[in-house]
Structures are given as C-alpha cells and as structure tokens.
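**Student:** Supplied in structure tokens, the structure appears directly below.
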Amino acid sequence: MQVVASDIHRRHDNVELSGGRLASSSEGPIRADIIDQAVRAAGHQVISPSALDHDLLTRVHTAEYVDFLSTAWERWNQRPNAAPAAMPFAWPSRGIDPVRPHDLVGQLGYHSFAADCSIVAGTWPAVHEAGAIAASAADLVIAGSLASYGLCRPPGHHATADQFGGYCYLNNAAIAAQRLRENGHEQVAVLDVDYHHGNGTQSIFYERSDVLTVSIHADPIDEFPWFVGHASERGLDDGAGWNVNLPLTAGTTFAGWCAALDVALQRVTDSSATALVVSLGVDTYIDDPLGKFELTTPDYTTMAARIGGLGLPTVVIQEGGYAVDDIGRNVAAFLAGLA
Ligand code: SP5
Ligand code: ZN
C-alpha cells in the first residue's frame, strides 16, 4: 500500500495539562517515528506529500481559524517573557454566543476546547504538513489506488472548523473526505475507530448529507471529549440521519467492539458512499495508557479485513494510539488486513 509521510511532524513536540500538572504530551514525535519504521519494514512504499491547497483547507476550517493557527506562535513569542508553549486558561461561557476577543490569550480560548493541546514553535509547520499528507493520501485514491495511508501527526479528528483540542489542530480526515468529495465522489463516508469520539469530524459535517460520519468510541459520559459523542447526536438539517455515534463502555473487548462495527458497516453500505475515510486510532489497544478497551494486535488485521470487505476505495488517516512500544505493529497489522 502507498503511505504518505513526512519528518516535519517532529517539530511539534509540546506539553499538555494532565492531572493538574503540565507534562510532556502523550502525543509525542516518537509515535509517528515508530509507525514510519514499522510500515517501511512491512514493505509499504512511503512517499512525501504534495503542497496543501489553501482553498481546500478553508473549505474545512474557517479562514479566521487557519489565520489564527498559522500566526499564534509568532504572536505569543512576541510577548514579554513568553513561555515555550502557548496555552489558553479561559473558555467561552455556556449558553452565550461568544464574541471573538482581540487579545491572543482570549483567542486561544475561543479557538480551543481542551488544555491537552499547546502551541509551540513547530506546531503550525507540523499540523500543516499533516493536512498535506491527508490530502495527498486522498489524491492516491482519486488517482485509482484501492487504498492509501496518511501517517498524519499530530492527529486531527477532535479539531472542529475553528477549534483545536484533543491533541488535534487541523482535521486531517475531514480534509481527506472533502478532497474526495471535490474529485469524483458524490457521497463519502468517514468511519472513526479511534478510542475517543471524533467530535471534530462530526461537527464539520453535522449539517451535511454528502459526508456520512460514523464513530465507534468510549462513551463520553466516562471519557474525553466528555460533552459530545452520545448516540442521540444524529445530525442536523440536511445532515439529519447522517451522523452515527456508537458509544461503548470501558472494558469492551473485540467481540463487543465488532457488534458496533457491524452496525457501522451496514450504515456505510446504506449510504451509497463511493469512497471511505478511516480515522485509525489504535488507542483501543489493551495496553494503551489512555484507553480502556481490550483490542489486541491481531484484532486490527481482522478489523481492517472487515472494513475492506465493503469494497470501497479507502483512505486511512492516522489518529491516536499511545502505547508507543506496540503502535508500529498495531498500525502495520491494520494495513496488512486492508491490503
Ligand atoms: C487523537 C486522540 O486520541 N486524542 C486524545 C486526547 C485525549 N486527551 C486527554 C487525555 C488525558 C490523559 N492524561 C494522562 C496522560 C498520561 N501520560
Ligand atoms: Zn483517541
């Protein structure tokens, strides 16, 4: 399978607020480096991305947000005694439509929903490159490949049209889906198998019927992103019926997970999609430090074979997965099942 990857991700190496302390992020450069090694060892061909089309980016994210993200570090670093990571400490109040503040710190809160993310000097180049990787992976499928894999880092599925959070800044899977939509695929489906709910992808396509969004994830009543991801969220207006959430409880094994996959695959089939984007998080792994599901390495091969059984051209986009010792073999196991 063709893999799109880049070393530029290494420039994004930041901190997160975790358990009341600032700590080195669980979403570190080592993740993508280990995946890169594993896919090369498995014999996949690795290519570099093409330049990202700025207009495509601003059809997924607001121009205001893209402008904010691309300049936030520079603006932060001009402040006296600037810390090495830009972070918000206040967010919009519930029930009040927020006015966008002028001040950078206010804008950091306006454009985010969680403090597991911070912006460092290399964040923008890395997140922009991840977006380019997603678009290029979609281009491979548009050009006729049956499957491609975008080794995106940082991940993207939590990022909404104008907010970062959950280690995500630009929504790579949404960029891939939008690219497919604009190049011959009238109906696209996004299947999110990351442990966490894909709130950003849901939000971006919530009022659209041309992109079906389906997410299998830990029930937000017990897990990040806490406030979104319930089964009752089904889409709005034109998008009514075009979002499917399949929340599962802690301790879910592959058998339980597969029951949700059956529902997800049936809905994708019913949508008449001609192309599929998979948001591949391997934080469903039994030893993942952030997740509480119990999938094993061979389960990823079975999962991918079942997804491949749809017979749809498929763009796989890397999302989470924090058991770094096993992340390479878990991703390789998935790609082997799809091939
Ligand atoms: C893409 C993705 O999987 N994002 C997940 C974001 C979850 N962020 C909050 C996690 C808080 C866990 N803090 C414990 C860190 C242990 N090193
Ligand atoms: Zn996750």
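The values are calculated or read from the model by the stated rules, or taken from the named source; none is laboratory data. Treat the numbers as computed from the prediction; the structure is a model and nothing was measured. Neighbour counts run over all protein chains shown; Cβ positions are idealised from the backbone, glycine included. Accessible surface is based on the protein model in full, side chains and every heavy atom, while ligands, DNA and RNA are left aside. Shrake-Rupley method; radii C 1.70, N 1.55, O 1.52, S 1.80 Å.
**Student:** Taking only protein heavy atoms and a 1.4 Å probe, what accessible area per residue, in Å², does region 16-172 have with all protein chains in place?
**Tutor:** About 43 Å² of surface per residue is accessible.
**Student:** Still on this structure, I have one more. Under a point-charge model restricted to the Cβ atoms of Lys and Arg (+1) and Asp and Glu (-1), what is the dipole moment magnitude of the chain relative to its Cα centre, in debye to the nearest 20? Present the calculation step by step, with values, prior to reporting the outcome.
**Tutor:** Working: 19 positive and 39 negative charges, 66 e Å.
Rounded to the nearest 20 debye, it is 320 debye.
**Student:** Then there's this: Classify the chain from the C-alpha gyration tensor, please: rounded if a/c falls under 1.5, else prolate or oblate depending on whether a/b exceeds b/c.
**Tutor:** In terms of gyration-tensor shape, rounded.
**Student:** Antiparallel as a % of all DSSP beta bridges within the chain, to the nearest 5? All intermediate terms of the calculation are to be shown ahead of the outcome.
**Tutor:** Details: 6 of 39 bridges.
Here the share of antiparallel DSSP bridges comes out near 15 percent.
**Student:** A further question on this structure: What is the sum of charges around ASP283, taking Lys and Arg as +1, Asp and Glu as -1, for the other residues whose C-beta is under 9 Å from the C-beta of ASP283?
**Tutor:** Working: positive: none; negative: ASP194, ASP288, GLU319.
Summing Lys/Arg as +1 and Asp/Glu as -1 gives -3.
**Student:** Mind checking the dipole of region 184-271: about its Cα centre, +1 per Lys or Arg Cβ, -1 per Asp or Glu Cβ, Debye to the nearest 20?
**Tutor:** Details: 3 positive and 13 negative charges, 25 e Å.
With Lys and Arg at +1 and Asp and Glu at -1, about 120 debye.
**Student:** Report the per residue volume, in Å³, of the convex hull enclosing the C-alpha atoms of region 203-339.
**Tutor:** 100
**Student:** How large a share of the accessible area of the chain, in percent, is made up of carbon and sulfur atoms when the probe is 1.4 Å and the other protein chains stay in place?
**Tutor:** Working: 6780 of 13210 Å².
Carbon with sulfur: 51 percent of the solvent-accessible area.
**Student:** Work from the charge dipole of the chain (Cβ charges, +1 for Lys and Arg, -1 for Asp and Glu, about the Cα centre) and give the residue of LEU212, ALA260, GLY281 farthest towards its positive end.
**Tutor:** Value: GLY281.
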